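Student: Can you read through this structure? Questions will come right after.
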Amino acid sequence: MLFLTAFRNMRRRLGFTIINVLGLAMGIASCLLIFLVVRYELGYDSFNKKADRIYRVNHHSIDYNPRVTPAMGPAMRAYFPELTVAQLFYIDAQVKVGNDRFNEKNFPFADEWVPRVFDYRWISGDPNTALSAPRSIVLTESYARKYFGNKDAMGQTVTIDNRWDCKVTGVIKDLPGNTSLPFPFMVSMLTVEKELHGSHEYWNIPDGSFTYFALPENVSIASIRGRIHDFLDKTWGSDVSKTATLILQPLRDVHFDQQYLYITVSPTTSRQTYWALAGIALFIIVTACINFINLATGQSATRAREVGVRKVLGARRPQLIGQFLGEAGLQVVLASLLGLLAAALLTPRLAAWLGIGISAGELTEPVVLAVLVGLTLLIIPLAGLYPAFVQSAFRPILTLKGSAPNSRGGLALRRGLVILQFGISQLMIIGTIVVARQMDYFQNRDLGFNKDFVISFDIPDTAHRQLLWQQLSSLTGVSAISFNSGSPANLTGATGYDAPQYGLTGENITEFKSVDEHFIRMFGLTMLAGDTIMKRSAQDSILPIVVNETLVNSLNIKDPHAALDKMIRFDGISGRIIGVVHDFQSESKHKKRRACIIDYDSRRFWNACVRLDPHDMHGTIDRIGKLWSTLWPKELFQYEFLDEHIATFYRQEEQVYTAFRMFSLIAIGIGCLGLYGLIAFATLQRTREVGIRKVLGASVPGIVLLFSREFIWLIALAFVISAPIAWLAMHSWLMNFAYRIDIGWVTFAVAIGVSFLIAALTIAQKTVRAAVASPVKSLRTE
């Protein structure tokens, strides 16, 4: 009976019911989606049963580095026999299966201990022996299908880099997307034993070489850390143990530690970012509940006579509270069901937008359903309890006489809730603007070089390099060419440098690039002093080098011209500074620009950069690919746009920005729904007043201003409260980056302007209709 009455009342006020249910459904759907995203990100590597006991071995000397020598795994197994130590060496290479060829990125050579440290789900093969023999390969399920279709992959042959014919010895289930060590397949480390034979020196640290170990349950990590110095001393000598150390990092922290550079396998992020996203979910639910409370208490006057009649007929206050809570509960349950349906429909799209592995099927998991039930049980009293107490407290003798209840406290509460709602909306608007500006600054501002219309691709060997140059130069659509070790946005090498004569005696890290004589001009680098890079003889004992501002500043030299002809030592050789170039961004703006040395060394020209004419880029790329494939017919041509490469630096930030923008728009949309409901109710209550004002000569703009005036000052007050909070929050977020925008007053001016515009459009949509209505009809309204 209770729910039947509730249903009748909801149908009688259908418009306001739709606004309430729609707002709550949007809020609940957003919370469920955010829960899936946050659980996914905070659950990185949790598929490993031993995740709490797995550690990565990081090298720390003059820089933080998660890479270590390939000899680290065998050395640790010998010194720490109680540990299960795994070694991986990630590379990119061409894969050939039958007549089909593929360019595959980020796959590891892995030793036989990797399956014992990490928990993979094996479909075929023995995890204890699958990687114990040279030229063995273990495929993930999707790559087994990619290479062999529906055939059994076991025992089939996969050729790696045109050098190693590998036999498939295992197939495993695809790894979850939230792993810090993703791969399409693993190749036995013994396959490249000869190639890694010279990598046993501690300082020989190739790209992609990682060491992990699993700690036994009865051994503490403190006992292992306490023996690291002795391990380094006995394995590589005192020269290493005095200048370097190993940091043992828990596996669950790998994805969330942004101090480590050179990470090419998976991106890192901040836990605080996803807690902030959870905070947005809270804001959204609060905004939806405010809508409900405001509309329910705003309708008190229209329900006062109903309450009076029920009390006269013997209804007690607890019964009335039960009735109003029943109505609220029915609306919240309906909203929860609609929210679950909306979340299921939106999950695949959200997963594609953010590039993460979540699915609609997760919404049926017990923990997600528990969250939904918890939200429902939380929202019912949060949104329904106060209106129920307010409406059940009306005095029947007054309401039956037609006296509308007038509660200053209720009006003050509604205004306070509107201020809170607008404050949350303005927090979202300011945050979205700041993140958007920072993302633009990341990818387009203050790079120090021209990134437009540039592609880069590999030069497989030196035999055809000169012929490649000649043929590229003759192509129409090619405006500039440079051969180098990497583009300005590629950190292709780093080494130590010193200059004792200038007080620089300790080890300092510098980036090291080898480029041709066209590099600086092609990328528009700004020369501050001296000459650009020129061709040189490989026999020169002293290298002519160009350095950047940061390196000059490290020598305590203020004027770039004063640095010319100065000598520094790096990588065991001497260099003479012939030029100084303006700093340019070769890494993410999370980190400060480091010192950089540029020289001419044609032995390191394994990369080609080509600037294209923008009018026929795709045609030019096709022509480049054909001539490249003619020179290297056994290889696959693969290129990358420079601006797309720069965008990968900020992939995690782009994902967060996408989520932030989407859920902020939802929060603002819910706020607009609530504002629309309040305005609709206000115009309904004041219909006769509007008619009288029009008869007395009031204009349409005047009537619109009448309804807008109160909300304008509420928005202004909300801005005064929310602006300092938004500044503190976004300033804290910006401090994660070495280079960042200045928030500035313009951001806040735009935010308040957008707030007024959104409110004005929402208010005008309803009030203009009331203002242009016939006053005759308005005056007939009771």
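Student: Looking at this structure, is V750 more than 24 Å from M26 (Cβ to Cβ), open to solvent by 50 Å² or more (accessible area, probe 1.4 Å) and at pLDDT below 80? Spell out the reasoning first.
Tutor: Numbers: more than 24 Å from M26 (Cβ to Cβ): yes; open to solvent by 50 Å² or more (accessible area, probe 1.4 Å): yes; at pLDDT below 80: no.
In short, no.
Student: Just to verify a result, which residue in the stretch 498-530, among those that are at pLDDT below 90 and of a type in the set (D, E, K, R), is nearest to N450 (Cα to Cα)?
Tutor: It comes out as E511.
Student: Of everything in the stretch 208-246, what is surrounded by 13 or more Cβ atoms within 10 Å (Cβ to Cβ), more than 33 Å from the chain's Cα centre (by Cα) and at positive phi? Give them in sequence order.
Tutor: Selection gives nothing.
Student: Determine which member of the set L612, L627 is surrounded by fewer than 19 Cβ atoms within 10 Å (Cβ to Cβ), under 20 Å from D516 (Cβ atoms) and modelled with pLDDT of 90 or more. Working first, answer last.
Tutor: Working: L612 fails: surrounded by fewer than 19 Cβ atoms within 10 Å (Cβ to Cβ).
After ruling out the rest, the residue left standing is L627.
Student: Now, a different point. Counting just the residues of the stretch 437-451 that are open to solvent by 70 Å² or more (accessible area, probe 1.4 Å) and either of a type in the set (D, E) or in a helix (DSSP H, G or I) (or both), which one comes out modelled with the highest pLDDT? Step through it out loud before you land on a result.
Tutor: Here is the first cut: in the stretch 437-451, the residues open to solvent by 70 Å² or more (accessible area, probe 1.4 Å) are 437, 444-446.
If we keep only those that are either of a type in the set (D, E) or in a helix (DSSP H, G or I) (or both) as well, we get 437, 444, 446.
Numbers: R437: 86, N444: 72, D446: 76.
It comes out as R437.
Student: Could you run through the stretch 125-154 and say how many residues are surrounded by fewer than 20 Cβ atoms within 10 Å (Cβ to Cβ), at pLDDT 95 or above and small (G, A, S)?
Tutor: Of the residues in that region, 1 qualify.
Student: Is it the case, given these coordinates, that V254 is under 27 Å from A738 (Cβ atoms) and either surrounded by 15 or more Cβ atoms within 10 Å (Cβ to Cβ) or not aromatic (F, W, Y) (or both)?
Tutor: So V254 passes the test.
Student: May I pose another question? Failed condition for I509, given (1) surrounded by 19 or more Cβ atoms within 10 Å (Cβ to Cβ); (2) part of a strand (DSSP E or B); (3) under 31 Å from the mean Cα position of the chain (by Cα); (4) not aromatic (F, W, Y), with all others met?
Tutor: (1)
Student: Right, something else. G23 passes all but one of (1) free of Cβ contacts under 8 Å to residues at least 60 places away in the same chain; (2) small (G, A, S); (3) open to solvent by less than 10 Å² (accessible area, probe 1.4 Å); which number fails?
Tutor: Of the numbered conditions (1) free of Cβ contacts under 8 Å to residues at least 60 places away in the same chain; (2) small (G, A, S); (3) open to solvent by less than 10 Å² (accessible area, probe 1.4 Å), the odd one out for G23 is (1).
Student: On to the next question. When you scan the stretch 69-81, do you find a residue that is open to solvent by 50 Å² or more (accessible area, probe 1.4 Å), part of a helix (DSSP H, G or I) and under 15 Å from L215 (Cβ atoms), even just one? Spell out how you get there, then give the answer.
Tutor: First pass over the stretch 69-81, keeping only residues open to solvent by 50 Å² or more (accessible area, probe 1.4 Å): 74, 77-79, 81.
Filter again for part of a helix (DSSP H, G or I), leaving 74, 77-79.
Adding the requirement that they be under 15 Å from L215 (Cβ atoms) leaves 77, 79.
Scanning the stretch 69-81 turns up at least one residue that is open to solvent by 50 Å² or more (accessible area, probe 1.4 Å), part of a helix (DSSP H, G or I) and under 15 Å from L215 (Cβ atoms).
Student: Moving on to the next point. Of the numbered conditions (1) within 38 Å of the chain's Cα centre (by Cα); (2) small (G, A, S); (3) open to solvent by 40 Å² or more (accessible area, probe 1.4 Å), S474 satisfies every one except a single condition; which is it?
Tutor: (1)
Student: What residue, among those in the stretch 539-588 that are assigned to a helix (DSSP H, G or I) and touching a Leu at 6+ places or on another chain (Cβ under 9 Å), is most open to solvent (accessible area, probe 1.4 Å)? Break it down into steps so the answer makes sense when it comes.
Tutor: Residues of the stretch 539-588 assigned to a helix (DSSP H, G or I): 549-554, 560-563.
Then drop every residue that is not touching a Leu at 6+ places or on another chain (Cβ under 9 Å), which leaves 549, 552, 554, 560-561, 563.
Working: E549: 52, V552: 4, S554: 34, P560: 32, H561: 111, A563: 0 Å².
This residue is H561.
Student: Moving to a separate point now. List every residue pair whose Cβ atoms sit under 8 Å apart, with the two residues 6 or more apart in sequence or on different chains, where the first one lies in the stretch 360-373 and is charged (D, E, K, R) and the second, anywhere, is open to solvent by less than 30 Å² (accessible area, probe 1.4 Å).
Tutor: Final answer for the pair search is E362/L36; E362/T347; E362/V368.
Student: Go through (1) in contact with an Asp or Glu (Cβ under 9 Å, 6 or more places away or on another chain); (2) open to solvent by less than 40 Å² (accessible area, probe 1.4 Å); (3) within 25 Å of E640 (Cβ to Cβ) one by one and return the number of the condition I520 breaks.
Tutor: Here I520 clears every test but (1).
Student: Hey, among the residues in the stretch 549-578 that are out of contact with any Gly (no Cβ under 6 Å at 6 or more places or on another chain) and in contact (Cβ under 8 Å) with a residue 60 or more places away in the chain, which one's farthest from D601 (Cα to Cα)?
Tutor: Here is the first cut: in the stretch 549-578, the residues out of contact with any Gly (no Cβ under 6 Å at 6 or more places or on another chain) are 549-563, 565-567, 569-577.
Filter again for in contact (Cβ under 8 Å) with a residue 60 or more places away in the chain, leaving 566-567, 569-571.
Working: K566: 20, M567: 18, R569: 16, F570: 15, D571: 14 Å.
If we take residues in the stretch 549-578 being out of contact with any Gly (no Cβ under 6 Å at 6 or more places or on another chain) and in contact (Cβ under 8 Å) with a residue 60 or more places away in the chain, then K566 is farthest from D601 (Cα to Cα).
Student: Within the stretch 452-471, track down each residue that is within 23 Å of S586 (Cα to Cα), in contact with a Leu (Cβ under 6 Å, 6 or more places away or on another chain) and open to solvent by 20 Å² or more (accessible area, probe 1.4 Å).
Tutor: Passing the criteria: only F453.
The values are calculated or read from the model by the stated rules, or taken from the named source; none is laboratory data. The model shown is predicted, which means the values in this text are computed figures rather than measured ones. Note that we place each Cβ from the backbone using ideal geometry, even for glycine, and neighbour counts take in every protein chain shown. The accessibility values were calculated without ligands, DNA or RNA, using every heavy atom of the protein model including side chains. Shrake-Rupley method; radii C 1.70, N 1.55, O 1.52, S 1.80 Å.
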